Each structure stands twice: as C-alpha cells, then as structure tokens.
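Taking it in order: structure first as structure tokens, then the write-up.
The values are calculated or read from the model by the stated rules, or taken from the named source; none is laboratory data. Note that the coordinates shown come from a computational prediction; the quantities given were computed from them, not determined experimentally. Note that each Cβ is placed from the backbone with ideal geometry, even for glycine, and that neighbours are counted across all protein chains shown.
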Amino acid sequence: MKSYKYILIICFGFFLNFHLWGQEKEASMTLSFEKADTNYVCKVQVSSENKPVAEIAVKLYVQRLYGLLPIGKEVTTDENGVAIFDFPKNIPLNSEGKLIVLAKVEDDENYGSFETQGETKWGAQPDLLKLAHSERSISASRGQAPIYFIVASIVIIAGIWGTLLYVVLQVFKLKRYKLTSKKI
C-alpha cells in the first residue's frame, strides 16, 4: 500500500511540473525610441513565434541608482503587438549621459515574465555645479543639512553626554559620602 502512495505522489508531481512547463510560451520584445514633433515616444513590440502578441500588459522603467523608476502607466499592446509610451523629457541622465530604459511584462498567464532594455540620450543633463552649491534640503550632505536637523542633533548629543556626566558625578559623590560616613 505504501509503494502505491509514492508512485501516485511521483506521478502527480511530474504532471504538475509538466503542466507548469507547458503553460508558458516564449515571447520577445523590441524597444525603439522615436521623436514625434516635440514629444519623445518609446515603442515596445511584443512578438511570439514571429507573430505580434495583442492584449498583453507592458510596463516601462528607467534604471536609477537604487532601483527602477516607473515611467507612466501600464500600457496594453494593440492588435499589432505595439505598446506606445510618452517619454518625459525631465528625467536626469546618469553620469555617462544616458538613460537605461527597461520594458517589462510581469506575470502574464500565457508568457510569464520577461523584459528587454535599451539606452537613450533623452533626458535632462543635471547641472553639477548647481547641485554642488544647492540650498539646504533633507537629502543634502552634512554641510547642506537643514539648520533644525543640526540643532536637534546637537541638543540630543549634548543631552546624552550631560546625562552620562551627571551619573558619573553622582557615583563619585556616593563614594565620597561612604568614605566620610565611615570616619564618624
């Protein structure tokens, strides 16, 4: 009886894995950048087996220092397998003067998750001199931190050190008090 259990478990596991493998089809994307009048347009072409894939949700991201910045809303491909995104002009470029753009399809029931990426020089070149001498802000370095942050941190540090100094002085007074009380 036990051997039949193991055979059933193995067969069920194989069927489950086979079903999951067969569910996802292979799809690919191409990413292109075009300038239409004064607007920048990013086109994503989704195809599977050299045929366009319609009605699939595509998201567009820009690679930033600590993660991905979403650009616009999720767009569904049309009958030609094309999703069109309006690309903003004010995204700061990286240190090389480029933007790395990613197009993603996430958890599609037929095709799974896949992505593609491309580079473009669209965006705003950051003024490094202005950034170096910028006004005080929460995200600034130590020298440009807001005054109330500096004052609050100094008050907190002074309070902690003052408490420690008070405790040490009280311990010395207690020792002196014990010494004077024994002489009597």
Exercise. Quick check, is residue 134 outside the structural domain of residue 33 (by TED's automatic domain parsing), surrounded by 10 or more Cβ atoms within 10 Å (Cβ to Cβ), modelled with pLDDT under 80 and more than 26 Å from residue 54 (Cβ to Cβ)?
Worked result: yes
For this session: Output the strands (runs of 3 or more DSSP E) that fall wholly within region 37-78 and possess 2 or more residues being without any contact (Cβ under 8 Å) to a residue 60 or more places away in the chain and under 13 Å from the mean Cα position of the chain (by Cα), or say none.
Result: 57-63, 68-76
Exercise. Given the conditions (1) basic (Lys, Arg); (2) more than 18 Å from residue 124 (Cβ to Cβ); (3) exposed (fewer than 15 other Cβ atoms within 10 Å of the Cβ), and given that residue 64 satisfies all but one, which numbered condition is not satisfied?
Worked result: (2)
